[in-house]
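Before any comments, here is the structure.
The values are calculated or read from the model by the stated rules, or taken from the named source; none is laboratory data. Values in this document were obtained by computation on a predicted structure and should not be read as measured data. We place every Cβ from the backbone using ideal geometry, glycine too, and count neighbours over all the protein chains shown. SASA here: full protein model, heavy atoms, side chains in, ligands and nucleic acids out. Shrake-Rupley method; radii C 1.70, N 1.55, O 1.52, S 1.80 Å.
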Amino acid sequence: LVAEDERQAREIAYQRELMDRSRKMKMAKSKVTLLDLQEKIKTGETKELKILLKADTAGSLEVLDEKLTELNMEEVSINIIHKGVGKINVSDILLSEVTGSICVGFHVGPETTALEAAEHEGVEIRTYRLIYEALEDLRAAMVGMLEPKIQEILIGEAEVREVYNIPKVGVVAGCYMKDGKVIRNAVVSVLHEGKEIHRSRITSLRRFKDDVKEVLTGYECGVGIESAPELQKGDTLQFYKVEEIPHEDAR
């Protein structure tokens with residue numbers, strides 16, 4: 001771009017700088033959307049789905065309010081911060097932005113000015129014609145927000161028959177697999193006289209000189225144990241596989 005003089009060039013540069021600064025501030029602004037709320041759930045910032053609810057009649061509003069409340073779960077709950085009859089307006093959008101909620105309309109849509117405000121403020125508007133569609137959509141969003149549960153499943157047990165302290169490697173237990181199997185990277189519980197004295201992860205798994213992925217019942221193996229205490233012959237090792245399971249409501 002060529003300017004007629006230096007003054008005009010400076011003015012254009014200044015205006016462009018203001019526009020660029022405004023664009024960056026708008027991009028940095030947190031949007032009020034289900035995706036944004038899901039991210040906040042994952043980071044532990046919030047455990048609730050905030051909703052501003054609008055409907056065409058008072059009767060519809062009360063029914064939807066009641067049904068949404070029934071969706072509450074132990075991990076994530078619905079918080080209706082405001083409800084009213086009529087179209088979604090600019091005031092609703094501004095309240096949603098301040099409270100971090102999404103706008104839900106039942107048999108009503110947003111006013112034109114509200115649409116513009118929602119785009120500017122980054123507020124999500126969701127409209128529905130059928131109650132079950134609203135409930136299914138929001139329930140699915142809530143289930144998607146739930147943090148997966150972690151479960152440890154016992155997969156095998158071994159007897160410690162020898163203990164080796166190997167330089168730069170650490171403690172390795174020479175084991176005999178009595179039941180099940182052991183897999184690399186499993187969680188291991190060390191039991192002495194029936195009581196757990198240590199719990200950590202397997203750092204290595206070998207059959208003779210070979211690295212292996214698993215060892216089954218009836219075979220001997222060498223198990224490297226992270227930060228292991230002083231193991232003794234006769235101690236028992238129990239091996240657990242860690243699984244991430246979906247919330248029961250999502251099945």
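What the table shows:
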quantity: Odd one out for E152, checked against (1) closer than 30 Å to N72 by Cβ; (2) at pLDDT 90 or above; (3) not aromatic (F, W, Y); calculated: (2)
quantity: So G194, is it open to solvent by less than 90 Å² (accessible area, probe 1.4 Å), more than 33 Å from the chain's Cα centre (by Cα), of a type in the set (G, A, S) and modelled with pLDDT under 95; calculated: yes
quantity: Failed item in (1) in contact with a strand residue (DSSP E or B) (Cβ under 9 Å, 6 or more places away or on another chain); (2) within 25 Å of I150 (Cβ to Cβ); (3) surrounded by fewer than 13 Cβ atoms within 10 Å (Cβ to Cβ), with D211 passing the rest; calculated: (2)
quantity: From V160, V143, residue being part of a strand (DSSP E or B), open to solvent by less than 30 Å² (accessible area, probe 1.4 Å) and touching an Asp or Glu at 6+ places or on another chain (Cβ under 8 Å); calculated: V160
quantity: Hits in segment 32-74 (condition: modelled with pLDDT of 75 or more, more than 14 Å from L135 (Cα to Cα) and within 26 Å of the chain's Cα centre (by Cα)); calculated: K47, E48, K50, L52
quantity: Residue under evaluation L154, criteria (1) over 30 Å from V215 (Cβ atoms); (2) surrounded by fewer than 20 Cβ atoms within 10 Å (Cβ to Cβ), criterion not met; calculated: (1)
quantity: Qualifying residue in segment 123-139 (condition: in contact with a Cys (Cβ under 9 Å, 6 or more places away or on another chain), modelled with pLDDT of 90 or more and open to solvent by 70 Å² or more (accessible area, probe 1.4 Å)); calculated: no
quantity: Single residue of segment 46-64 satisfying the filter (farther than 16 Å from M142 by Cβ and part of a helix (DSSP H, G or I)) that is least open to solvent (accessible area, probe 1.4 Å); calculated: L61
